[in-house]
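Just below is one structure, and these are the notes that go with it.
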Protein chains: 2
Amino acid sequence: MDRDDADSTTPDRPRISDATLRQFTGYTMKRAFNVVQADVNAVLEEFGLRMVTYSALAIVGDNPGLSQSQLAQALAIERPNLVVIVDELEGRDLVSRDRVPTDRRTYALQLTSEGARLLARATEAVRRHEARITEGLNAEEEAILVSALKKIEATDIRRS
Amino acid sequence: MDRDDADSTTPDRPRISDATLRQFTGYTMKRAFNVVQADVNAVLEEFGLRMVTYSALAIVGDNPGLSQSQLAQALAIERPNLVVIVDELEGRDLVSRDRVPTDRRTYALQLTSEGARLLARATEAVRRHEARITEGLNAEEEAILVSALKKIEATDIRRS
DNA sequence: TACAATAATTATACATCATACCTATTAAAC
DNA sequence: GTTTAATAGGTATGATGTATAATTATTGTA
(Lines give C-alpha, C1' and ligand atoms only; values in the text may rest on other atoms or scores of the structure.)
Protein backbone atom coordinates (compact mmCIF):
# COMPACT_ATOMS: atom_id res chain seq x y z
CA MET A 1 0.00 0.00 0.00
CA ASP A 2 2.83 2.44 -0.45
CA ARG A 3 2.50 4.66 -3.42
CA ASP A 4 5.14 4.34 -6.09
CA ASP A 5 6.88 7.44 -7.20
CA ALA A 6 9.06 4.98 -9.11
CA ASP A 7 12.20 6.69 -7.99
CA SER A 8 15.27 5.52 -9.79
CA THR A 9 16.79 3.56 -6.91
CA THR A 10 13.91 1.15 -6.38
CA PRO A 11 13.93 -1.85 -8.68
CA ASP A 12 10.95 -2.32 -10.94
CA ARG A 13 8.03 -2.82 -8.61
CA PRO A 14 5.02 -3.45 -10.82
CA ARG A 15 1.98 -1.96 -9.13
CA ILE A 16 -0.31 -4.57 -7.64
CA SER A 17 -3.82 -4.30 -9.06
CA ASP A 18 -6.99 -4.69 -7.02
CA ALA A 19 -9.28 -4.07 -9.97
CA THR A 20 -11.54 -7.03 -9.26
CA LEU A 21 -12.15 -5.89 -5.69
CA ARG A 22 -12.45 -2.23 -6.63
CA GLN A 23 -15.63 -2.91 -8.54
CA PHE A 24 -17.22 -3.35 -5.12
CA THR A 25 -18.30 -0.38 -3.06
CA GLY A 26 -18.01 -2.58 0.03
CA TYR A 27 -14.30 -3.01 -0.60
CA THR A 28 -13.76 0.71 -0.89
CA MET A 29 -15.75 1.13 2.31
CA LYS A 30 -13.37 -1.24 4.06
CA ARG A 31 -10.26 0.50 2.80
CA ALA A 32 -11.59 3.90 3.82
CA PHE A 33 -12.73 2.67 7.20
CA ASN A 34 -9.34 1.15 7.91
CA VAL A 35 -7.82 4.60 7.52
CA VAL A 36 -10.43 6.19 9.75
CA GLN A 37 -10.04 3.51 12.38
CA ALA A 38 -6.26 3.79 12.52
CA ASP A 39 -6.46 7.55 12.91
CA VAL A 40 -9.21 7.61 15.51
CA ASN A 41 -7.48 4.91 17.54
CA ALA A 42 -4.33 6.99 17.59
CA VAL A 43 -6.36 9.96 18.77
CA LEU A 44 -8.17 8.04 21.50
CA GLU A 45 -5.00 6.42 22.75
CA GLU A 46 -3.98 9.77 24.23
CA PHE A 47 -7.00 9.50 26.51
CA GLY A 48 -6.42 5.86 27.37
CA LEU A 49 -9.47 4.95 25.33
CA ARG A 50 -10.23 2.57 22.47
CA MET A 51 -13.12 2.83 20.05
CA VAL A 52 -15.31 0.60 22.21
CA THR A 53 -14.60 2.35 25.46
CA TYR A 54 -15.10 5.77 23.90
CA SER A 55 -18.34 4.64 22.31
CA ALA A 56 -19.49 3.22 25.62
CA LEU A 57 -18.84 6.54 27.34
CA ALA A 58 -20.73 8.39 24.61
CA ILE A 59 -23.75 6.09 24.81
CA VAL A 60 -23.87 6.26 28.60
CA GLY A 61 -23.59 10.02 28.36
CA ASP A 62 -26.53 10.16 25.99
CA ASN A 63 -28.61 7.70 28.00
CA PRO A 64 -27.92 8.11 31.70
CA GLY A 65 -29.33 5.29 33.77
CA LEU A 66 -29.40 2.69 31.03
CA SER A 67 -28.68 -0.95 31.81
CA GLN A 68 -25.66 -2.97 30.75
CA SER A 69 -27.83 -5.04 28.45
CA GLN A 70 -29.06 -1.93 26.71
CA LEU A 71 -25.53 -0.67 26.39
CA ALA A 72 -24.35 -3.98 24.96
CA GLN A 73 -27.11 -3.88 22.37
CA ALA A 74 -26.32 -0.29 21.44
CA LEU A 75 -22.66 -1.18 20.98
CA ALA A 76 -23.54 -4.39 19.15
CA ILE A 77 -21.35 -6.48 21.42
CA GLU A 78 -22.19 -9.51 23.57
CA ARG A 79 -23.17 -9.04 27.18
CA PRO A 80 -20.26 -11.02 28.64
CA ASN A 81 -17.79 -8.87 26.74
CA LEU A 82 -19.44 -5.70 27.93
CA VAL A 83 -18.87 -6.64 31.55
CA VAL A 84 -15.11 -6.25 31.29
CA ILE A 85 -15.51 -2.96 29.47
CA VAL A 86 -17.73 -1.55 32.21
CA ASP A 87 -15.33 -3.02 34.77
CA GLU A 88 -12.55 -1.06 33.17
CA LEU A 89 -14.51 2.19 33.00
CA GLU A 90 -15.77 1.78 36.54
CA GLY A 91 -12.25 1.00 37.74
CA ARG A 92 -11.08 4.28 36.24
CA ASP A 93 -13.97 6.09 37.89
CA LEU A 94 -15.45 7.16 34.59
CA VAL A 95 -18.74 5.31 34.98
CA SER A 96 -20.77 4.27 38.00
CA ARG A 97 -22.93 1.17 38.46
CA ASP A 98 -25.91 2.21 40.56
CA ARG A 99 -28.42 -0.28 41.93
CA VAL A 100 -32.00 0.17 40.79
CA PRO A 101 -34.57 -0.11 43.60
CA THR A 102 -37.40 -1.29 41.36
CA ASP A 103 -35.32 -4.11 39.82
CA ARG A 104 -32.39 -5.33 41.83
CA ARG A 105 -30.98 -7.34 38.94
CA THR A 106 -30.03 -4.39 36.82
CA TYR A 107 -27.45 -1.67 37.16
CA ALA A 108 -28.14 1.87 36.08
CA LEU A 109 -25.04 3.20 34.37
CA GLN A 110 -24.02 6.81 34.64
CA LEU A 111 -21.02 8.93 33.86
CA THR A 112 -19.08 10.20 36.81
CA SER A 113 -18.10 13.83 36.62
CA GLU A 114 -14.63 12.70 35.62
CA GLY A 115 -16.17 10.47 32.95
CA ALA A 116 -18.18 13.35 31.59
CA ARG A 117 -15.10 15.52 31.51
CA LEU A 118 -13.00 12.91 29.72
CA LEU A 119 -15.81 12.24 27.25
CA ALA A 120 -16.03 15.94 26.44
CA ARG A 121 -12.30 16.24 25.86
CA ALA A 122 -12.13 13.07 23.78
CA THR A 123 -15.13 14.13 21.72
CA GLU A 124 -13.38 17.37 20.86
CA ALA A 125 -10.30 15.45 19.75
CA VAL A 126 -12.42 13.08 17.65
CA ARG A 127 -14.07 16.10 16.07
CA ARG A 128 -10.67 17.37 14.99
CA HIS A 129 -9.86 13.91 13.64
CA GLU A 130 -13.10 13.95 11.66
CA ALA A 131 -12.28 17.32 10.21
CA ARG A 132 -8.93 15.94 9.03
CA ILE A 133 -10.51 12.87 7.52
CA THR A 134 -13.25 14.73 5.67
CA GLU A 135 -11.31 17.83 4.72
CA GLY A 136 -11.43 16.85 1.05
CA LEU A 137 -15.23 16.75 0.99
CA ASN A 138 -17.57 19.67 0.50
CA ALA A 139 -20.82 19.90 2.42
CA GLU A 140 -22.92 18.31 -0.28
CA GLU A 141 -20.56 15.39 -0.77
CA GLU A 142 -20.49 14.69 2.93
CA ALA A 143 -24.28 14.90 3.18
CA ILE A 144 -24.70 12.40 0.37
CA LEU A 145 -22.00 10.18 1.84
CA VAL A 146 -23.78 10.03 5.18
CA SER A 147 -27.22 9.48 3.70
CA ALA A 148 -25.92 6.76 1.41
CA LEU A 149 -24.22 5.01 4.31
CA LYS A 150 -27.42 5.18 6.31
CA LYS A 151 -29.35 3.59 3.46
CA ILE A 152 -26.82 0.79 3.32
CA GLU A 153 -27.03 0.37 7.07
CA ALA A 154 -30.82 0.11 6.76
CA THR A 155 -30.58 -2.90 4.43
CA ASP A 156 -29.64 -5.00 7.45
CA ILE A 157 -31.66 -8.18 7.46
CA ARG A 158 -30.81 -9.24 11.01
CA ARG A 159 -32.12 -7.15 13.94
CA SER A 160 -34.54 -8.83 16.25
CA MET B 1 -55.33 5.42 18.92
CA ASP B 2 -53.00 6.49 21.67
CA ARG B 3 -49.87 8.49 21.02
CA ASP B 4 -47.21 6.85 18.91
CA ASP B 5 -46.64 3.10 18.78
CA ALA B 6 -46.16 2.40 22.48
CA ASP B 7 -48.42 -0.66 22.29
CA SER B 8 -49.86 -1.74 25.60
CA THR B 9 -48.08 -5.09 25.95
CA THR B 10 -44.46 -3.96 25.67
CA PRO B 11 -43.05 -2.32 28.75
CA ASP B 12 -41.66 1.11 28.23
CA ARG B 13 -38.48 0.62 26.19
CA PRO B 14 -37.04 4.09 25.82
CA ARG B 15 -35.06 4.11 22.62
CA ILE B 16 -31.31 4.30 23.18
CA SER B 17 -29.77 7.41 21.65
CA ASP B 18 -26.43 7.47 19.89
CA ALA B 19 -26.66 11.16 19.07
CA THR B 20 -23.13 11.97 20.21
CA LEU B 21 -21.61 9.28 18.00
CA ARG B 22 -23.91 10.04 15.07
CA GLN B 23 -22.31 13.44 14.64
CA PHE B 24 -19.32 11.49 13.29
CA THR B 25 -19.26 10.23 9.72
CA GLY B 26 -16.75 7.61 10.82
CA TYR B 27 -19.30 6.10 13.18
CA THR B 28 -21.89 5.86 10.43
CA MET B 29 -19.22 4.28 8.25
CA LYS B 30 -18.65 1.63 10.88
CA ARG B 31 -22.33 0.86 11.29
CA ALA B 32 -22.83 0.59 7.54
CA PHE B 33 -19.74 -1.51 7.07
CA ASN B 34 -20.85 -3.93 9.79
CA VAL B 35 -23.98 -4.62 7.77
CA VAL B 36 -22.01 -5.10 4.57
CA GLN B 37 -19.52 -7.37 6.25
CA ALA B 38 -22.16 -9.60 7.81
CA ASP B 39 -23.92 -9.99 4.49
CA VAL B 40 -20.83 -10.63 2.39
CA ASN B 41 -19.51 -13.13 4.90
CA ALA B 42 -22.77 -15.04 4.69
CA VAL B 43 -22.48 -15.03 0.91
CA LEU B 44 -18.87 -16.19 0.88
CA GLU B 45 -19.52 -18.92 3.43
CA GLU B 46 -21.34 -20.86 0.72
CA PHE B 47 -18.03 -21.06 -1.14
CA GLY B 48 -16.01 -21.94 1.92
CA LEU B 49 -14.42 -18.50 1.78
CA ARG B 50 -13.98 -15.59 4.16
CA MET B 51 -13.35 -11.99 3.22
CA VAL B 52 -9.57 -12.45 3.41
CA THR B 53 -9.45 -15.64 1.42
CA TYR B 54 -11.77 -14.23 -1.23
CA SER B 55 -9.71 -11.04 -1.42
CA ALA B 56 -6.53 -13.09 -1.70
CA LEU B 57 -7.96 -15.05 -4.63
CA ALA B 58 -9.03 -11.83 -6.34
CA ILE B 59 -5.63 -10.19 -5.93
CA VAL B 60 -3.80 -13.28 -7.15
CA GLY B 61 -6.18 -13.44 -10.10
CA ASP B 62 -5.43 -9.82 -10.98
CA ASN B 63 -1.68 -10.23 -10.47
CA PRO B 64 -0.58 -13.71 -11.49
CA GLY B 65 2.94 -14.53 -10.38
CA LEU B 66 3.09 -12.07 -7.50
CA SER B 67 4.99 -12.95 -4.33
CA GLN B 68 3.55 -13.63 -0.91
CA SER B 69 5.04 -10.42 0.39
CA GLN B 70 3.31 -8.44 -2.31
CA LEU B 71 0.05 -10.20 -1.57
CA ALA B 72 0.41 -9.51 2.14
CA GLN B 73 0.98 -5.85 1.43
CA ALA B 74 -1.98 -5.66 -0.92
CA LEU B 75 -4.22 -7.25 1.70
CA ALA B 76 -2.74 -5.08 4.44
CA ILE B 77 -1.97 -8.06 6.63
CA GLU B 78 1.30 -9.22 8.14
CA ARG B 79 3.47 -11.70 6.28
CA PRO B 80 3.33 -14.41 8.93
CA ASN B 81 -0.45 -14.34 8.89
CA LEU B 82 -0.54 -14.60 5.14
CA VAL B 83 1.35 -17.89 5.21
CA VAL B 84 -1.54 -19.77 6.78
CA ILE B 85 -3.97 -18.20 4.32
CA VAL B 86 -1.91 -19.33 1.34
CA ASP B 87 -1.47 -22.71 3.03
CA GLU B 88 -5.23 -23.02 3.16
CA LEU B 89 -5.77 -21.94 -0.43
CA GLU B 90 -2.97 -24.16 -1.68
CA GLY B 91 -4.34 -27.08 0.33
CA ARG B 92 -7.67 -26.65 -1.43
CA ASP B 93 -5.90 -26.49 -4.77
CA LEU B 94 -7.11 -22.97 -5.48
CA VAL B 95 -3.67 -21.38 -5.61
CA SER B 96 -0.24 -22.72 -6.54
CA ARG B 97 3.14 -21.75 -5.13
CA ASP B 98 5.61 -21.91 -7.99
CA ARG B 99 9.32 -21.54 -7.49
CA VAL B 100 10.96 -18.62 -9.27
CA PRO B 101 14.21 -19.51 -11.05
CA THR B 102 15.66 -16.01 -10.83
CA ASP B 103 15.06 -15.76 -7.07
CA ARG B 104 14.71 -18.97 -5.19
CA ARG B 105 13.51 -17.26 -2.03
CA THR B 106 10.19 -16.18 -3.44
CA TYR B 107 7.12 -18.05 -4.54
CA ALA B 108 5.14 -16.94 -7.57
CA LEU B 109 1.47 -17.29 -6.72
CA GLN B 110 -1.08 -18.26 -9.33
CA LEU B 111 -4.67 -19.37 -9.43
CA THR B 112 -5.24 -22.96 -10.37
CA SER B 113 -8.02 -23.53 -12.87
CA GLU B 114 -10.21 -24.55 -9.98
CA GLY B 115 -9.24 -21.38 -8.15
CA ALA B 116 -10.14 -19.27 -11.15
CA ARG B 117 -13.47 -21.02 -11.43
CA LEU B 118 -14.31 -20.58 -7.76
CA LEU B 119 -13.23 -16.92 -7.88
CA ALA B 120 -15.53 -16.30 -10.84
CA ARG B 121 -18.50 -17.91 -9.12
CA ALA B 122 -17.86 -16.13 -5.84
CA THR B 123 -17.43 -12.80 -7.60
CA GLU B 124 -20.82 -13.22 -9.23
CA ALA B 125 -22.37 -13.91 -5.82
CA VAL B 126 -20.65 -10.89 -4.30
CA ARG B 127 -21.99 -8.81 -7.17
CA ARG B 128 -25.51 -9.86 -6.28
CA HIS B 129 -24.79 -9.03 -2.65
CA GLU B 130 -23.57 -5.57 -3.69
CA ALA B 131 -26.72 -5.00 -5.70
CA ARG B 132 -28.78 -5.82 -2.61
CA ILE B 133 -26.74 -3.54 -0.40
CA THR B 134 -26.83 -0.57 -2.76
CA GLU B 135 -30.34 -1.00 -4.12
CA GLY B 136 -31.49 2.14 -2.36
CA LEU B 137 -28.90 4.31 -4.09
CA ASN B 138 -29.17 5.88 -7.50
CA ALA B 139 -26.17 6.09 -9.80
CA GLU B 140 -25.19 9.58 -8.75
CA GLU B 141 -25.40 8.81 -5.06
CA GLU B 142 -23.26 5.74 -5.46
CA ALA B 143 -20.70 7.62 -7.54
CA ILE B 144 -20.39 10.32 -4.90
CA LEU B 145 -20.26 7.70 -2.16
CA VAL B 146 -17.35 5.93 -3.81
CA SER B 147 -15.45 9.09 -4.63
CA ALA B 148 -15.92 10.42 -1.11
CA LEU B 149 -14.68 7.14 0.36
CA LYS B 150 -11.63 7.25 -1.86
CA LYS B 151 -10.85 10.76 -0.72
CA ILE B 152 -11.07 9.61 2.88
CA GLU B 153 -8.85 6.63 2.10
CA ALA B 154 -6.32 9.01 0.56
CA THR B 155 -5.94 10.96 3.82
CA ASP B 156 -3.97 8.03 5.20
CA ILE B 157 -0.89 9.37 6.95
CA ARG B 158 0.89 6.03 7.37
CA ARG B 159 2.30 4.29 4.30
CA SER B 160 6.05 4.03 4.22
C1' DT C 1 34.73 -13.34 1.67
C1' DA C 2 31.97 -10.93 5.16
C1' DC C 3 27.80 -8.55 6.07
C1' DA C 4 23.33 -6.67 5.40
C1' DA C 5 18.77 -7.31 3.41
C1' DT C 6 14.86 -10.00 1.79
C1' DA C 7 11.29 -14.04 1.37
C1' DA C 8 9.15 -17.35 3.67
C1' DT C 9 8.28 -19.52 7.82
C1' DT C 10 7.60 -20.88 12.89
C1' DA C 11 6.36 -19.87 17.36
C1' DT C 12 4.03 -17.04 20.35
C1' DA C 13 1.49 -13.56 22.66
C1' DC C 14 -2.38 -10.70 22.83
C1' DA C 15 -6.84 -8.63 21.74
C1' DT C 16 -11.31 -9.55 20.09
C1' DC C 17 -15.38 -12.02 20.00
C1' DA C 18 -18.76 -15.76 20.68
C1' DT C 19 -20.76 -19.54 23.43
C1' DA C 20 -22.00 -22.19 27.40
C1' DC C 21 -23.05 -22.00 31.90
C1' DC C 22 -24.14 -20.05 36.70
C1' DT C 23 -26.50 -17.00 40.25
C1' DA C 24 -29.92 -13.66 41.63
C1' DT C 25 -33.98 -11.67 40.83
C1' DT C 26 -38.33 -10.85 38.58
C1' DA C 27 -42.45 -12.14 35.99
C1' DA C 28 -45.74 -15.52 34.57
C1' DA C 29 -48.35 -19.92 34.97
C1' DC C 30 -50.84 -22.93 37.45
C1' DG D 1 -48.59 -19.38 46.91
C1' DT D 2 -45.67 -22.44 44.73
C1' DT D 3 -43.57 -23.74 40.52
C1' DT D 4 -41.66 -22.34 36.21
C1' DA D 5 -39.88 -19.38 32.78
C1' DA D 6 -37.39 -15.30 31.59
C1' DT D 7 -34.06 -11.63 32.44
C1' DA D 8 -29.66 -9.10 34.22
C1' DG D 9 -25.29 -9.67 35.31
C1' DG D 10 -21.26 -12.41 35.66
C1' DT D 11 -17.49 -16.30 35.01
C1' DA D 12 -15.03 -19.40 32.29
C1' DT D 13 -13.52 -20.78 28.01
C1' DG D 14 -12.54 -21.49 23.17
C1' DA D 15 -12.11 -19.67 18.46
C1' DT D 16 -10.36 -16.26 15.66
C1' DG D 17 -7.66 -12.29 14.25
C1' DT D 18 -3.60 -9.90 14.43
C1' DA D 19 1.08 -8.35 15.78
C1' DT D 20 6.03 -9.32 17.08
C1' DA D 21 10.37 -11.89 17.54
C1' DA D 22 13.27 -15.08 15.88
C1' DT D 23 14.95 -18.77 12.26
C1' DT D 24 16.38 -20.48 7.67
C1' DA D 25 17.49 -19.93 3.00
C1' DT D 26 18.81 -16.99 -0.43
C1' DT D 27 20.33 -12.77 -2.63
C1' DG D 28 22.77 -8.41 -2.96
C1' DT D 29 26.58 -5.53 -1.52
C1' DA D 30 30.90 -3.61 0.82
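The values are calculated or read from the model by the stated rules, or taken from the named source; none is laboratory data. Computed from a predicted model, the values in this text were never measured in an experiment. Heads up, the Cβs are rebuilt from the backbone with ideal geometry, glycines too, and the neighbour counts pull from every protein chain shown. Heavy atoms of the whole protein, side chains included, go into the accessibility calculation; ligands, DNA and RNA do not. Shrake-Rupley method; radii C 1.70, N 1.55, O 1.52, S 1.80 Å.
Here, P(r) means the percent of Cα pairs in each 10 Å bin from 0 to the largest distance; for the range A:52-153 it is 14, 37, 28, 17, 4, 0. A protection proxy built from the mean count of other Cβ atoms within 10 Å ranks the segments B:34-44, A:55-65, most packed first, as A:55-65, B:34-44. Probe radius 1.4 Å, ligands and nucleic acids left out: can you give me the accessible area buried at the B-A interface, summed over both chains, in Å² to the nearest hundred? When B and A are taken together, about 5800 Å² of accessible area is lost. Rounded to the nearest angstrom and listed largest first, the equivalent-ellipsoid semi-axes of the range A:5-113 from its Cα gyration tensor are 43, 17, 10. Derived from the Cα gyration tensor, the three semi-axes of the equivalent ellipsoid of the range A:114-158 are 26, 19, 6 Å, largest first.
Sorted shortest first, the distances from the B:S69 label point to those of the same residue in the other copies are 5.4 nm; each point sits 7 Å from Cα along Cα-to-Cβ.
Between copies, B:N41 shows label-point distances of 1.7 nm, shortest first, with the point placed 7 angstrom from Cα along Cα to C-beta. As a fraction of the 1.4 Å probe accessible area of the protein assembly as shown, surface on carbon and sulfur atoms comes out at 50 percent.
For the range B:115-132, backbone phi angles converted through the Karplus equation (6.51, -1.76, 1.60; θ = phi - 60°) give residue-by-residue couplings of x, 5, 5, 4, 4, 5, 5, 5, 4, 4, 5, 5, 4, 5, 4, 4, 4, 4 Hz, Gly and Pro being listed as x.
Working value for the protein assembly as shown: equivalent-ellipsoid semi-axes of 41, 23, 21 Å, each the square root of 5 times a Cα gyration tensor eigenvalue, largest first. Taken one residue at a time, the phi angles of the range B:87-100 give Karplus couplings (6.51, -1.76, 1.60, θ = phi - 60°) of 3, 4, 5, 5, x, 8, 6, 9, 9, 10, 9, 10, 5, 9 Hz. Gly and Pro are set to x. Considering only A:I59, B:G61, A:S147, the residue lying farthest towards the positive end of the dipole of the protein assembly as shown is B:G61, judged by Cα position with unit charges set on Cβ. Placing unit charges on each Cβ (+1 for Lys and Arg, -1 for Asp and Glu) gives chain B a dipole about its Cα centre, and among B:V36, B:Q110, B:L137 the Cα reaching farthest toward its positive end belongs to B:Q110. Net charge of the neighbourhood of A:L137, taken over other residues with C-beta under 13 Å away and scored Lys/Arg +1, Asp/Glu -1, is -3. Inter-copy label distances at A:R132, shortest first and taken from points set 7 Å along Cα to Cβ: 3.7 nm. Taking every DSSP helix (H) stretch of at least 4 residues in chain A, weighting each as -39,500 (n - 2.57) and dividing the sum by the residue count yields a mean residue ellipticity at 222 nm of -19000 deg cm²/dmol. The trypsin sites (Lys or Arg not before Pro) of the range A:50-115 that DSSP puts in a loop, and whose beta carbon has at most 13 other beta carbons within 10 Å, are A:R104, A:R105.
The Cα center of the range B:81-109 and the Cα center of the range A:79-148 differ in position by 44 Å. Take each residue in A:52-59, count the other chain C-beta atoms within 10 Å of its C-beta, and the mean is 3.
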